[in-house]
1. If amide hydrogens are placed 1.01 Å from N in the peptide plane, which non-local residues have theirs closer than 5 Å to the one on residue 58?
2. Using a 1.4 Å probe over the heavy atoms of the protein chains, calculate the carbon and sulfur portion of the accessible area of the stretch 1-119 as a whole percent.
3. Ordered by packing density, taken as the mean number of other Cβ atoms within 10 Å over each peptide's residues, highest first, how do 31-44, 97-110, 162-175 rank?
4. Using only Cα atoms, find the angle between the long axis of helix 63-72 and the longest principal axis of the chain, and express it within 0 to 90 degrees, rounded to the nearest 10.
5. Counting pairs on different chains as well as pairs 8 or more places apart, how many Lys pairs in the chain have Cα atoms under 21 Å apart?
6. At 0.36 nm per residue, and after removing the present C-alpha to C-alpha distance, how many nm does the segment from residue 161 to residue 89 gain when stretched out fully?
7. Report the Cα centroid-to-centroid distance between the stretch 24-60 and the stretch 86-151 in angstrom, as an integer.
8. With a 1.4 Å probe and every protein chain left in place, work out the accessible area per residue of the chain in Å², rounded to a whole number.
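The values are calculated or read from the model by the stated rules, or taken from the named source; none is laboratory data. In this text the structure is predicted, and so the values were computed from the model without any measurement. Using ideal geometry, Cβ is built from the backbone for each residue, glycine included, and neighbour counts are taken over all protein chains shown. Ligands, DNA and RNA are stripped out before the accessible areas are found, and what is left, the full protein with its side chains, is counted by its heavy atoms. Shrake-Rupley method; radii C 1.70, N 1.55, O 1.52, S 1.80 Å.
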Amino acid sequence: MPRKAHLLLVDDDPNTLASLSRAFRLAGHEATVCDNANRAVELLRAENFDLILSDVVMPGKSGMELLDDLKKAGVKTPVVLISGQANIEMAVKATRLGALDFLEKPLSTDKLLVTVENALRLTRLEDENRELLERLGKHELVGSGPAMKKLRAQIERVAASETRVCILGETGTGKELVA
């Protein structure tokens, strides 16, 4: 069962905020609504959110500017941008700025809920990955002889490609470390 998420909804349209808030509440999530980007920044300083959904076109500060401000401030909360005036260039710019996704209005509730579940799943996987890396620490190959130099050169050459590689060797020689 998907876990309950704490969402921040940013849109200057009260009807959109009400309908999104209701849809998320019915799906078991908690939604905080906000009608402008400056207020959203204040809320982010005071509370932790699992996901931010923001309209792009708003008076004052746009959703793109909000995304840029959050990136500069080091906020790691995933952001999904929503726009009724979307185009390809806007979507590309949003993803380059760090948006997790870009949705067009009118919004499908099902698509919106799937997007939220995917964002939560991705965040959970990134947290698990970070935790595992911290737990494992850093392991390095040891040795400096000609055979190890040749092996390191092969690893560097293959690592940059998308090719599949079969690593062979005796038990305990470091095949998993190379992988």
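1. 63
2. On the way: 3250 of 6490 Å².
With neighbouring chains kept in place, the figure for the stretch 1-119 is 50 percent.
3. Details: 31-44: 17.2, 97-110: 15.6, 162-175: 8.5.
Result, highest mean Cβ count within 10 Å first: 31-44, 97-110, 162-175.
4. The angle comes out near 40 degrees.
5. Final tally of qualifying lysine pairs is 15.
6. So the extension gain works out to 23.0 nm.
7. Taking the Cα centre of each part, the stretch 24-60 and the stretch 86-151 sit 22 Å apart.
8. On the way: 12150 Å² over 179 residues.
The answer is 68 Å² per residue.
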